[in-house]
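The values are calculated or read from the model by the stated rules, or taken from the named source; none is laboratory data. Computed from a prediction, not measured in an experiment: that's the story for all the values here. Cβ coordinates were reconstructed from backbone atoms using ideal geometry, including for glycine residues, and neighbour counts include every protein chain displayed.
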């Protein structure tokens, strides 16, 4: 079993050199304390927690899983102590306002921390991770009294939070939500219904769990327009905000899952539970998107986490395991055979993992800067600025969640492949990474749902293609200085310019076709998402390669020179071996819908 090592060198490269976070923080109203020294201290402290406390529990937590008895959930051995260390270190409150007990630092610092935690132990990370969206929703939509009651102990980590959307009869189609909220004389509501697939819905890590719940008022209109949002605590609160009597929110069961077994996924029964409305009546779904977008970015990180962890397991094995001789001649003549790393196909797998992890990290860290600005606008009460940043981040979100998790799953499977048969057994931990990674493409909206959101809601309906034009404009600006170069940067830049033009052409063609064929958006959306993801990752690989080239030319020690050269080489691999996949998605996205919809009932066995 390999040990996790936080990739601090690569993280610092993005933070300090590529994306210039010091300058970014200096322009934020809550960024003054995010000095390079403070950021470095947070990175080092989070790395220590992850490497020394969380990572050692990853395999044991998977093997033991959670225990359910009489409505109570017990987490695996070591989790409770680890969570107490997490709370004692103040890690939950890093990016939340000081008025609620947080450290008041920008949201992106929580992203850096979450990536390390998620790579070390994704199951553990889900317990405090779901609280982030709960806190963000309360900060934006709760009343002053509700904020005072819930936020201090959510921010401290003493309490955790959930999001309760899905019900037995519906998953993504929230128009089918049946949970009812009956108004009471004191202004509260009694919620009755069942929610399923509630991550961290019941556990023994915190003394209270605050549920954010979608439900319907008795006179609510049908469909999504009739959904309201409520905050429902596991334990009701006394007037002084201390823990009061148990609310009738009961855990009926937990799921037996393929992966993330140490994370409790609960069925929750609301049996007349007391709740309080957030936002306005019948506008709950709009408010819930604050939670959902936060959760989707958090899930996108999982793609990076599993690509990174799988690479960290596969690379040492490829250096140590020996099999056959390299086709170009003996590389290690004093050994019985050459190491796996000398074989081109093994290098293909390792470089694919590396390109996905480092390319995805750059994409998410860039999006985190937008989120910083968005939440600064929330704190400042600037609705216009908030909406502008929310729209920009909204374009990123389905690409990050859909594309990066699909690629992270591929990377996890490649890690098993490097190990051969040894990857399929538990001893090395590679199969656990693949099992854990599998859920990332499913929850918080499947890849298909992200694709529909991107093409249908964000690109065609929401912006008429403007979001693509804006991003491809950035691609062209980045590529322009390198177009005449004869070196690797020139080749990458010219390739990126081609893809930028093709992306706009694809968008326009799909827009025109969708006017004639109502099935076009659904038929093309997955390929459009993957095409967009490959192009966006290409942009961020050229960004990293150009900065690495600049820093390499300016000199530095041998270690830095090797690091920067590796960046350029990995970027070259991405452009040569992975970006070309975009071409196949382009062709598939433009294929006639008849190839899908003409299939007769007999072929699909439709009654």
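Looking across segment 576-591, the residues that are in a helix (DSSP H, G or I) and buried (at least 19 other Cβ atoms within 10 Å of the Cβ) come down to 578, 582, 585, 586, 589. Exactly one residue out of 528, 573, 563 is surrounded by fewer than 21 Cβ atoms within 10 Å (Cβ to Cβ) and under 25 Å from the mean Cα position of the chain (by Cα), and it is 573. Candidates 415, 402: the one that is under 12 Å from the mean Cα position of the chain (by Cα), crowded, with 24+ Cβ neighbours inside 10 Å and in a helix (DSSP H, G or I) is 402. Residue 154 falls short on exactly one of the conditions (1) touching a helix residue (DSSP H, G or I) at 6+ places or on another chain (Cβ under 8 Å); (2) surrounded by fewer than 23 Cβ atoms within 10 Å (Cβ to Cβ); (3) more than 29 Å from residue 20 (Cα to Cα), and that condition is (2). Tallying residues that are surrounded by fewer than 19 Cβ atoms within 10 Å (Cβ to Cβ), part of a helix (DSSP H, G or I) and in contact with a helix residue (DSSP H, G or I) (Cβ under 6 Å, 6 or more places away or on another chain) within segment 319-340 yields 1.
For the structure I just gave you, tell me whether residue 316 is under 20 Å from residue 4 (Cβ atoms), out of contact with any helix residue (DSSP H, G or I) (no Cβ under 9 Å at 6 or more places or on another chain) and either part of a loop (DSSP other than H, G, I, E, B) or touching a residue at least 12 places away in the same chain (Cβ under 8 Å) (or both). So residue 316 passes the test.
If we scan segment 107-128, do we find a residue that is surrounded by fewer than 23 Cβ atoms within 10 Å (Cβ to Cβ), in a loop (DSSP other than H, G, I, E, B) and touching a residue at least 24 places away in the same chain (Cβ under 8 Å)? No; the residues of segment 107-128 include none that is surrounded by fewer than 23 Cβ atoms within 10 Å (Cβ to Cβ), in a loop (DSSP other than H, G, I, E, B) and touching a residue at least 24 places away in the same chain (Cβ under 8 Å). What pairs can you find where one residue is in segment 218-244 and more than 17 Å from residue 188 (Cα to Cα), the other is assigned to a strand (DSSP E or B), and their Cβ atoms are less than 6 Å apart, with a gap of 6+ or different chains? Every condition considered, the pairs that remain are 226/216; 243/235. When the criteria are applied in full, residue 301 meets the requirement of being at pLDDT 95 or above, closer than 27 Å to residue 533 by Cα and buried (at least 23 other Cβ atoms within 10 Å of the Cβ). For segment 375-398, enumerate the residues that are over 19 Å from residue 536 (Cβ atoms) and in a helix (DSSP H, G or I). Residues satisfying the conditions are 375, 376, 377, 378, 379, 380, 383, 384, 385, 386, 387, 388. Taking segment 446-474 as the range and being under 30 Å from residue 263 (Cα atoms) and either in a loop (DSSP other than H, G, I, E, B) or in contact with a strand residue (DSSP E or B) (Cβ under 6 Å, 6 or more places away or on another chain) (or both) as the test, only 446 passes. Of the helices (runs of 4 or more DSSP H) lying entirely inside segment 1-86, those carrying at least 2 residues that are surrounded by fewer than 13 Cβ atoms within 10 Å (Cβ to Cβ) and free of Cβ contacts under 8 Å to residues at least 60 places away in the same chain are 21-26, 36-49. Residues satisfying the criterion are absent from segment 160-181 (criterion: in a helix (DSSP H, G or I), touching a residue at least 12 places away in the same chain (Cβ under 8 Å), in contact with a helix residue (DSSP H, G or I) (Cβ under 8 Å, 6 or more places away or on another chain) and crowded, with 24+ Cβ neighbours inside 10 Å). For segment 205-219, a residue qualifies if it is part of a strand (DSSP E or B) and surrounded by fewer than 23 Cβ atoms within 10 Å (Cβ to Cβ), and the qualifying residues are 208, 216.
Comparison of 244, 187 shows that the only residue that is surrounded by fewer than 17 Cβ atoms within 10 Å (Cβ to Cβ), at pLDDT 95 or above and part of a strand (DSSP E or B) is 244. Looking across 3, 82, 77, one residue alone is within 30 Å of residue 424 (Cα to Cα) and at pLDDT below 95. It is 3. Considering segment 446-463, and only residues there that are more than 22 Å from residue 539 (Cα to Cα) and out of contact with any helix residue (DSSP H, G or I) (no Cβ under 7 Å at 6 or more places or on another chain), the residue that is surrounded by the fewest Cβ atoms within 10 Å (Cβ to Cβ) turns out to be 461. Looking across segment 549-565, the residues that are closer than 22 Å to residue 348 by Cα and touching a helix residue (DSSP H, G or I) at 6+ places or on another chain (Cβ under 8 Å) come down to 563, 564, 565.
When only residues in segment 418-445 that are closer than 23 Å to residue 309 by Cβ and part of a loop (DSSP other than H, G, I, E, B) count, which is farthest from the chain's Cα centre (by Cα)? Here the residue is 425. Residue 262 meets all of the listed conditions (1) surrounded by 21 or more Cβ atoms within 10 Å (Cβ to Cβ); (2) part of a loop (DSSP other than H, G, I, E, B); (3) at pLDDT below 95 but one, namely (3).
Picking from residues in segment 87-103 that are in contact with a helix residue (DSSP H, G or I) (Cβ under 7 Å, 6 or more places away or on another chain) and part of a helix (DSSP H, G or I), the one that is nearest to residue 158 (Cα to Cα) is 87.
Of the residues in segment 345-364, at least one is assigned to a helix (DSSP H, G or I), free of Cβ contacts under 8 Å to residues at least 24 places away in the same chain and more than 30 Å from residue 31 (Cα to Cα). Restricting the search to segment 325-383, which residues are under 30 Å from residue 15 (Cα atoms), more than 17 Å from the chain's Cα centre (by Cα) and modelled with pLDDT under 95? Within segment 325-383, 373, 374, 375, 376, 377, 378, 379, 380, 381, 382, 383 qualify.
Here is the figure for segment 475-495: residues that are loosely packed, with under 13 Cβ neighbours inside 10 Å and in a helix (DSSP H, G or I) total 3.
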